[in-house]
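The values are calculated or read from the model by the stated rules, or taken from the named source; none is laboratory data. What you see is a predicted model; the values in this text were computed from it and never measured. Glycine also receives a Cβ, built like all others from the backbone with ideal geometry; neighbour counts cover every protein chain displayed.
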Amino acid sequence: MRYLAQLCLMALLLVQCRQSATKGEPVDSIHTVPVETPVERPDSLLVIPDTAKIEVGKFQKKENLEPGRAEYTFCEKWQLDSATIVRIIRGFSPINGNTWHYSYDNFDCQLVGSVKISGIGYRMYLNAGSYFFLTNGDHQFIFGDEKNAFNKYFLEGNIYDQNPKD
């Protein structure tokens with residue numbers, strides 16, 4: 001009987017320690033992490049309707065490239081007007097983090113500015129690798145040129161052909 005009481009006391013102490021380690025949040029039966037802890041969640045996607053009003057603010061070029069490289073020459077000359085930025089916003093597709101990571105090259109050349117879409121303000125980071133980020137507070141949305149329709153405006157498009165030929 002004494003052994004059973006000690007075992008119960010140890011089990012109770014162990015549960016208390018686990019809950020203290022997670023600040024009182026409930027723990028699942030398998031892991032010692034709080035139940036609410038996201039393991040992996042898909043990226044949030046923002047769909048921009050064709051009828052959305054888009055206003056483009058001021059943009060600045062941000063670059064950190066070595067002179068003499070092809071990217072440097074491209075970035076030095078790279079400019080996009082407001083109408084082109086609006087076409088890019090409307091023409092690019094929402095993508096998730098995996099697609100961005102595996103399908104697009106990241107260059108140290110980007111245009112950074114502000115846009116309003118249907119009255120909501122965003123910070124826009126338009127990279128020479130034919131993708132952009134829209135950020136608003138804690139929200140971040142990624143868009144890419146999935147059809148390579150805007151390649152002429154960028155250093156490189158989507159590096160995977162969407163319609164491979166045998």
Q) If we scan the range 107-128, do we find a residue that is touching a residue at least 40 places away in the same chain (Cβ under 8 Å), among the charged types (D, E, K, R) and either assigned to a loop (DSSP other than H, G, I, E, B) or surrounded by 18 or more Cβ atoms within 10 Å (Cβ to Cβ) (or both)? A) yes
Q) Somewhere in the range 40-55, is a residue modelled with pLDDT under 95 and over 22 Å from PHE132 (Cβ atoms)? A) yes
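Within the range 145-159, is even one residue at pLDDT 90 or above, surrounded by 21 or more Cβ atoms within 10 Å (Cβ to Cβ) and not in a loop (DSSP other than H, G, I, E, B)?
Scanning the range 145-159 turns up no residue that is at pLDDT 90 or above, surrounded by 21 or more Cβ atoms within 10 Å (Cβ to Cβ) and not in a loop (DSSP other than H, G, I, E, B).
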Q: Just name the residue that is nearest to the chain's Cα centre (by Cα) out of those in the range 129-141 that are crowded, with 16+ Cβ neighbours inside 10 Å and hydroxyl-bearing (Ser, Thr, Tyr).
A: TYR131
(Q) Cβ contacts < 8 Å: first residue farther than 15 Å from LEU126 by Cβ, restricted to the range 62-77; second residue among the aromatic types (Phe, Trp, Tyr) and part of a helix (DSSP H, G or I), any location; separation 6+ or different chain. Result? (A) LEU65/TYR72; GLU66/TYR72
Q.
Quick check on my filter: what residues within the range 92-106 are surrounded by 14 or more Cβ atoms within 10 Å (Cβ to Cβ) and among the small types (Gly, Ala, Ser)?
A. SER93, SER103
(Q) Contact list please: Cβ distance under 6 Å, first residue in the range 133-152 and in the same structural domain as PRO94 (by TED's automatic domain parsing) and closer than 18 Å to ASN98 by Cβ, second residue assigned to a loop (DSSP other than H, G, I, E, B) and of a type in the set (Gly, Ala, Ser), pairs at least six apart or on different chains. (A) ASP145/SER130; ASP145/GLY157
Q: Hey, could you check the range 56-106 for residues that are of a type in the set (Lys, Arg) and either in a helix (DSSP H, G or I) or at pLDDT 90 or above (or both) and say which is nearest to PHE150 (Cα to Cα)?
A: ARG87
